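Below is one structure, written out as structure tokens; comments come after it.
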Amino acid sequence: QVQLVESGGGLVQPGGSLRLSCAASGSIFSINVMGWYRQAPGKERELVAVISSGGSTNYADSVKGRFTISRDNAKNTVYLQMNSLKPEDTAVYYCNAGGVVAGTWSNFNFWGQGTQVTVSS
């Protein structure tokens, strides 16, 4: 069983900042890729940012220069620092982790429960 627990969402004014955290736990041999996705009301889920085990990152064009993804491998935790937030960033943010289950040759791909981010004055 692999579990991802998210925290850090909330209500902020335009131009403000939030830092999201997602910690993975369970029978994990390795986590290869961790990422953040978001889904706004009436819209499709979209990729926000991803980071590999080697630290390579990729961002959606809409958040480049404003968001930063990072990870702490010792804590199996991924972070998303969000600066200069805009109303259009309002969404439920979900973390995702993919890797290998400990003691097996099985891959896993798990999602966090989601955390609400609301940007409004």
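The values are calculated or read from the model by the stated rules, or taken from the named source; none is laboratory data. Since this is a predicted model, take the numbers as computed values, not measurements. Quick reminder, even Gly has a Cβ in these numbers, built from the backbone with ideal geometry, and neighbours come from all protein chains shown. Side chains included, ligands, DNA and RNA excluded: accessible areas come from the protein's heavy atoms. Shrake-Rupley method; radii C 1.70, N 1.55, O 1.52, S 1.80 Å.
Which of (1) among the aromatic types (Phe, Trp, Tyr); (2) assigned to a loop (DSSP other than H, G, I, E, B); (3) at pLDDT 95 or above is the odd one out, the single condition Tyr93 does not satisfy?
(2)
Going by what's in this entry, would Asn109 be described as polar (S, T, N, Q), open to solvent by less than 40 Å² (accessible area, probe 1.4 Å), touching a strand residue (DSSP E or B) at 6+ places or on another chain (Cβ under 7 Å) and assigned to a strand (DSSP E or B)? Before the answer, list the steps.
Working: polar (S, T, N, Q): yes; open to solvent by less than 40 Å² (accessible area, probe 1.4 Å): no; touching a strand residue (DSSP E or B) at 6+ places or on another chain (Cβ under 7 Å): yes; assigned to a strand (DSSP E or B): yes.
So Asn109 does not fit the description; no.
Only residues in segment 71-99 that are under 16 Å from Gly35 (Cβ atoms) count as the first member; pair them with residues that are assigned to a loop (DSSP other than H, G, I, E, B) and modelled with pLDDT of 95 or more, Cβ under 6 angstrom, at least 6 apart or cross-chain, and list the lot.
Ala91/Ala40; Val92/Gly114; Tyr94/Gly112; Tyr94/Gly114; Cys95/Gly112
Kindly provide the set of residues from segment 12-59 that are of a type in the set (Phe, Trp, Tyr) and surrounded by fewer than 19 Cβ atoms within 10 Å (Cβ to Cβ), ordered by number.
Hits for segment 12-59 are Phe29, Tyr59.
Any residue in segment 60-75 that is exposed (fewer than 14 other Cβ atoms within 10 Å of the Cβ) and part of a strand (DSSP E or B)?
Yes: segment 60-75 contains one or more residues that are exposed (fewer than 14 other Cβ atoms within 10 Å of the Cβ) and part of a strand (DSSP E or B).
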